[in-house]
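A.B. asks: Before anything else, here's the structure in question.
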Amino acid sequence: MSRPGFQLHALLSAIEEKQTAAGLTSRVVAEQAGVSASTLTRMRQGRHPDLESFGRLVAWLDVEAGEFFVVPGQAPQSNLRTLARLIRADAELPEGAAVDVVAIVRRAYLLATGWRP
């Protein structure tokens, strides 16, 4: 299970996913997000971004900042939210089916990570 607090790996994964999907270089990502390229490099070396850079990256990703934090005693929501958003956006699934798939994935994810309410 994820440790409580800021989840740098989750932020980096989200950035990489969007970067790869759009075919962007790290420099272009930095320019679009309004951060320095060295900020991305430092993050990939394990350093946390400053608050302003974090805010700009979250805005560029178009996600909630809370997706990159785990609170002790709460289910790991960042991955669940991402999965749910992707499932609901799938044009192949009718709305009712998407809701059902999200519920199944959520339950399986929570069981697999060992989270217990």
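The values are calculated or read from the model by the stated rules, or taken from the named source; none is laboratory data. Quick caveat, the model's predicted, so the values are computed rather than measured. Note that each Cβ is placed from the backbone with ideal geometry, even for glycine, and that neighbours are counted across all protein chains shown.
A.B. asks: Please work out if E31 is surrounded by 13 or more Cβ atoms within 10 Å (Cβ to Cβ), without any contact (Cβ under 8 Å) to a residue 24 or more places away in the chain and over 16 Å from the mean Cα position of the chain (by Cα).
C.D. replies: yes
A.B. asks: Scanning the range 53-99 for residues that are modelled with pLDDT under 80 and hydroxyl-bearing (S, T, Y), which turns out nearest to E17 (Cα to Cα)?
C.D. replies: My answer is T82.
A.B. asks: Tally up the residues in the range 34-57 that are without any contact (Cβ under 8 Å) to a residue 40 or more places away in the chain, within 17 Å of the chain's Cα centre (by Cα) and either assigned to a helix (DSSP H, G or I) or surrounded by 14 or more Cβ atoms within 10 Å (Cβ to Cβ) (or both), please.
C.D. replies: The qualifying residues number 8.
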